[in-house]
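The block underneath contains the structure these notes are about, expressed in structure tokens.
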Amino acid sequence: MNTQSSYDRVAEEYARRVYGELAGKPLDRKLLDWLIEKVGGRGMIADIGCGPGQIARYLSDHGAAACGVDLSPGMLAQARTLNPDLEFTQADMRTLEGIADGACAGISAFYSIIHVPESELAQAFAAFKRVLQPGGVVLLAFHLGAEIKHLDEWWGEPVSVDFIFYSRETIKQKLTEAGFTVEEALERDPYPEVEFASRRGYIFARV
């Protein structure tokens, strides 16, 4: 079992629990608004690791052209059911195979790089850069720390998935090495009512 099959197993329950989460995350909403402003209508914003599509839904509802990308067919099935007007594509974020060079003006990646080992971040960020237009913007959200949280069971389903916590400096360094210019980096405490109790990091970077 791997990350893809693990998310397939929990996709329906994940969508039930998480799809409405942005209602309880005011900073996340503000940062997504800022992403829309930074992209400025120049093209598509792709939500990488989109899950059931709540980020793409928010972006679209607030005036952006948005789509979703995920590795899990189960998650994509939920996203398409919940957002029949949006386009969702299956791809591995380390390659984004099937997505054309320069196809996107922006990328959001909320808690998806947490499944990418540090040794593979360079590959993922190179893929992000490839699909972005010159001047394209990426907004990353991730768990802050230095631990790896492994799950063998998730909401009663057998899984095998790692959640990798990163320091802000590590992500900034990897983005810079991949050719991005880091514009802003923020942190916040968790919203305990709606999410796991970890500090959160956010980084805006531009090609």
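The values are calculated or read from the model by the stated rules, or taken from the named source; none is laboratory data. What you see is a predicted model; the values in this text were computed from it and never measured. In this analysis, Cβ positions are derived from the backbone assuming ideal geometry, glycine residues included, and neighbour counts consider all displayed protein chains. Accessible surface is based on the protein model in full, side chains and every heavy atom, while ligands, DNA and RNA are left aside. Shrake-Rupley method; radii C 1.70, N 1.55, O 1.52, S 1.80 Å.
Run Gln173 past the list (1) open to solvent by 60 Å² or more (accessible area, probe 1.4 Å); (2) outside any strand (DSSP E or B); (3) touching a helix residue (DSSP H, G or I) at 6+ places or on another chain (Cβ under 7 Å) and report the number of the one that doesn't hold.
If we test Gln173 against (1) open to solvent by 60 Å² or more (accessible area, probe 1.4 Å); (2) outside any strand (DSSP E or B); (3) touching a helix residue (DSSP H, G or I) at 6+ places or on another chain (Cβ under 7 Å), just (3) comes out false.
Out of (1) open to solvent by less than 30 Å² (accessible area, probe 1.4 Å); (2) hydrophobic (A, V, I, L, M, F, W, C); (3) closer than 19 Å to Pro52 by Cβ, what's the single condition that is false for Trp155?
Result: Trp155 passes all but (1).
Among residues belonging to the range 83-102 that are crowded, with 17+ Cβ neighbours inside 10 Å, of a type in the set (A, V, I, L, M, F, W, C) and in contact (Cβ under 8 Å) with a residue 24 or more places away in the chain, point out the one that is farthest from Val207 (Cα to Cα).
Leu86
Of the residues that sit in the range 113-126 and are surrounded by fewer than 22 Cβ atoms within 10 Å (Cβ to Cβ) and of a type in the set (Gly, Ala, Ser), which one is nearest to Lys149 (Cα to Cα)?
Ser119
Looking at Ala11, Ala56, Ala65, Ala103, can you tell me which residue is among the small types (Gly, Ala, Ser) and in contact with a Leu (Cβ under 6 Å, 6 or more places away or on another chain)?
Values: Ala11 fails: in contact with a Leu (Cβ under 6 Å, 6 or more places away or on another chain); Ala65 fails: in contact with a Leu (Cβ under 6 Å, 6 or more places away or on another chain); Ala103 fails: in contact with a Leu (Cβ under 6 Å, 6 or more places away or on another chain).
Result of the check over Ala11, Ala56, Ala65, Ala103: Ala56.
With respect to the numbered conditions (1) buried (at least 20 other Cβ atoms within 10 Å of the Cβ); (2) of a type in the set (A, V, I, L, M); (3) modelled with pLDDT under 95, which one is the sole condition not fulfilled by Ala15?
So Ala15 meets the others, but not (3).
Return the only residue of Leu35, Leu76, Leu31 being open to solvent by less than 10 Å² (accessible area, probe 1.4 Å) and either charged (D, E, K, R) or farther than 26 Å from Glu183 by Cβ (or both). Spell out how you get there, then give the answer.
Details: Leu35 fails: either charged (D, E, K, R) or farther than 26 Å from Glu183 by Cβ (or both); Leu31 fails: either charged (D, E, K, R) or farther than 26 Å from Glu183 by Cβ (or both).
Only one candidate qualifies: Leu76.
Here are some residues: Pro134, Pro192. Which one is open to solvent by 70 Å² or more (accessible area, probe 1.4 Å), out of contact with any strand residue (DSSP E or B) (no Cβ under 7 Å at 6 or more places or on another chain), of a type outside the set (S, T, N, Q) and part of a strand (DSSP E or B)?
On the way: Pro192 fails: part of a strand (DSSP E or B).
On inspection, the qualifying residue turns out to be Pro134.
Check Ile107, Ile55, Ile114 and return the single one that is in a strand (DSSP E or B), under 17 Å from Ala141 (Cβ atoms), β-branched (Val, Ile, Thr) and within 12 Å of the chain's Cα centre (by Cα).
Of Ile107, Ile55, Ile114, the one residue that is in a strand (DSSP E or B), under 17 Å from Ala141 (Cβ atoms), β-branched (Val, Ile, Thr) and within 12 Å of the chain's Cα centre (by Cα) is Ile107.
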